[in-house]
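Written out below as structure tokens is the structure these notes cover.
Laboratory data are not the source of any read-out in this text; all were calculated from the coordinates shown. Quantities reported herein were computed from a predicted structural model and do not represent experimental measurements.
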2 protein chains.
Amino acid sequence: MSLLKENVTGLILALVSSAFIGSSFIIKKQGLRRAASVFGVRAGVGGYYYLLEPLWWVGMITMIVGEVANFVAYAFAPAVLVTPLGALSIIVSAVLADLILKEKLHKLGVLGCVMCIAGSIIIVIHAPKEDPISSVLQIWNMATQPAFLAYVGSVVVLVFILVFHFAPRCGHTNVLVYTGICSLMGSLSVMSVKALGTSLKLTIEGKNQLVYPETWFFMLVVAICVVMQMNYLNKALDTFNTAIVSPIYYVMFTTLTILASVIMFKDWDGQSGSTIASEICGFIVVLSGTIMLHATKDFERTHSFRGGTPSSPTLSVRLYNGNGDMLHKEDEENESPECISRRQDLC
Amino acid sequence: MSLLKENVTGLILALVSSAFIGSSFIIKKQGLRRAASVFGVRAGVGGYYYLLEPLWWVGMITMIVGEVANFVAYAFAPAVLVTPLGALSIIVSAVLADLILKEKLHKLGVLGCVMCIAGSIIIVIHAPKEDPISSVLQIWNMATQPAFLAYVGSVVVLVFILVFHFAPRCGHTNVLVYTGICSLMGSLSVMSVKALGTSLKLTIEGKNQLVYPETWFFMLVVAICVVMQMNYLNKALDTFNTAIVSPIYYVMFTTLTILASVIMFKDWDGQSGSTIASEICGFIVVLSGTIMLHATKDFERTHSFRGGTPSSPTLSVRLYNGNGDMLHKEDEENESPECISRRQDLC
């Protein structure tokens, strides 16, 4: 497959992934609502009745398909392209929420959508074309180059400091501690997910990569990073409001992932200064659009219930693929069955 | 001067212009405030005491310098580059208002500023390089090419329909009528201002262009367009709230100016599809940022006085140079001496 075709395949997979993930939230929310109305409302029971609702499972499957597409996208296109496009799923869910769930989108939220799209187009236009990879050993060489080892070393040191020094002292007062740990580990997750995805892609194409211990090493790294990320993201969501955690996490995670990808895959080598500047601007625009969509959500929903148990069953799935776009988490959380019953109790 | 140098000169002039125009609003506002406190407050007198306040004149001169820089910028760089950069003056005044006048900038307003800057960088990176012009006759040829004549024809017809059919019927109920006339005429103003500016530049460089009747014709067109634009902008501002008129006018004016420039100067010929797409995205981002800065202004200032006489003395100056960025007009209007006295009367 030619270089451009690989990039286009990755791009399409990333877009499909966003469409699936974005709509999965709407489907699941409808499932939760239906479950709450069908099985009656029992406050504080903490019910898991939604597991009996087929619509909820349709949403769950939609999300898994989306996450798999996202995972595969990393095997085809640079992380610099795939990661920021995750923001598009927020648009999909915002627009569908407006159309189907009748959750009116604020005017500035529409502007946020427009910006996410404009920024994404700029990123896509200026995305680098990565050299085709023919073996996992090639990725291994990239991962063991001094510059990337220095990055990994810094990340590990920073995570250690955050976990053992800052977390016990100010983890519960400063939102940056837990989200920082998640974002740092998240950037390593994405890199190892990309390595693993590429290995699996090559294996499927007939070049068996499972014979190399490097492939299994990357698998181990994925597992460790994802468990760490999950653990501290749950802590962050338990401690702070999702509306605060999500944008901070999204900004830090995406920035660090791009940084890691640029170091490891030398994405910016051979690109002109103006192309890199355009990419960065596009990225800033997407971030701004995302923050805006988030900020304006509150304008319309100030009366909605906030809080609740954040450890939704989807969390592990979303994290498994190293996709850090946790912005949807809020919907999930706000509409968890407990919340619905509690809210209806209040009415 | 080389092609790139011309573009850079135009870019610097456009940036300087934005800095001057942006700060002029702050200086004038301080002048108005000081005048109101020094000469006492007389409600409804409609006083022109601010004319005795030196600070107000400093602001006025700053604005004239900015407008002249803007006018000259059009002679060096394409309108596609100069016009959207006008949005940067809004950032300058918003930031200075925050620092000097202590008018706190909303968090989303800061995001709007970031977006205007990111969008401007994208526009600058992808701006076309216009062929150097050696005589006013060359511009005349561009202006009389069939495509541009068709554009001028459509504009004239549309303006006629708006002026004679729609203005008497729904000019006072539909904000698009007056702003539409202004924007359509504005796009012709900028084109003729660019022609005139280039002629004057060439004349100063030693190639006298005043011997050609074409130069005088462009001067006449500038005069007619600017008078029309002034007249209908005043009507629009008299009839509707500035907060509604300004963004609509800015969007329509900038879009039509870019369209006119693309037709007349063939800015997009020889540019790749991706470059043009980037330019359009950059433009959309700047527009979104501008709208956002405007929308969030209201969040902080809902209690401030709105209304008042819109025909400020600066209007003619701003329009004279075909610069349609009337977004600052609001500050001017809100803080006209009458408003200050009326507001203080209410306290």
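Some observations on this one:
- Kirkwood Rh in Å, taken over all unlike Cα pairs in the stretch B:64-138: 14.3 Å
- Lysines with Cα under 20 Å of A:K104, excluding same-chain neighbours fewer than 8 positions away: A:K28, A:K29, A:K297, A:K329
- One decimal place: the segment A:N208-A:L101 gains 33.9 nm when fully extended, by the rule 0.36 nm per residue minus the C-alpha distance.
- Prolate/oblate/rounded label for the stretch A:91-217 (Cα gyration tensor, a/c 1.5): oblate
- Here the convex hull built on the C-alpha positions of the stretch B:209-259 has a volume of 80 cubic angstrom per residue.
- Tail weight of P(r) past 18 Å, computed on alpha-carbon pairs of the stretch B:19-148, percent: 67 percent
- Three principal axis extents describe the C-alpha atoms of the stretch A:188-289; from largest down they are 44, 42, 19 Å.
- Share of alpha-carbon pairs per 5 Å distance bin for the stretch B:46-90, given as whole %: 5, 18, 19, 19, 12, 10, 9, 5, 1
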